[in-house]
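Contents: one structure, followed by commentary.
Computed from the coordinates by the stated procedures, all read-outs in this text should not be read as laboratory data. Computed from a predicted structure; not experimentally measured. Methodologically, a virtual Cβ is constructed for each residue, glycine included, from the backbone with ideal geometry; neighbour enumeration extends over all protein chains shown.
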């Protein structure tokens, strides 16, 4: 009985602990972006560009710090994808209703697509090389993002969606800088990519929070999947 009471108490405290963890994650990402932007040792844009673009911009290949922030961002996209998809799989495998896991699966799939895009430069290089214009790819991402915002609309209007709302605002700010300035100057690139970097970690924080809430609220005795 004592063990059960302690377990219930620990489970009740999990959402609050995860909120604290998520807040620290976003704060650390903000600090890392600020340090990368204002450190005096290297051109900040070389830290935010991917390795190949950094080598092309600097005219020298290569330094270990080229693309470090870009790589960290891709890792965080992958963490968001893995967290959301694994939670969705847990819910599905226990026979939970599709409404319980479908939004997590959607968020995980979108995170995975954005991770691959960042890692492989899909919209910048590969897909245009196959005849698919960059504007079309970015438009598809934008429409998919709006669809996901619609799916998460109730959470976006509550405290549960604070990190997702922050992520959308930061992505919008990054896109606005890219469209309005469209510059390769060091501080313009750092500003654009810093907003994106912090936005990725706000996105990760939201999906960690949603995954743990969903898993902790799973039905203790779910109905088995029908055998076909």
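Name the most mobile residue of 211, 140, 167, meaning the one with the largest mean-square fluctuation, in a Gaussian network model of the chain with Cα contacts below 10 Å. Comparing 211, 140, 167 in a Gaussian network model of the chain, the most mobile one is 140.
Computed over the chain, the convex hull of the alpha-carbon atoms projects to a mean area of 16.4 nm². In whole percent, what relative contact order does the chain give with Cα contacts below 8 Å and a gap of six or more residues? Rounded, it is 30 percent for the chain.
Ordering 104-111, 144-151 by mean Cβ neighbour count within 10 Å, with the highest value first, yields 104-111, 144-151. Counting only Cα atoms, segment 128-228 measures 58, 35, 20 Å along its principal axes, largest extent leading.
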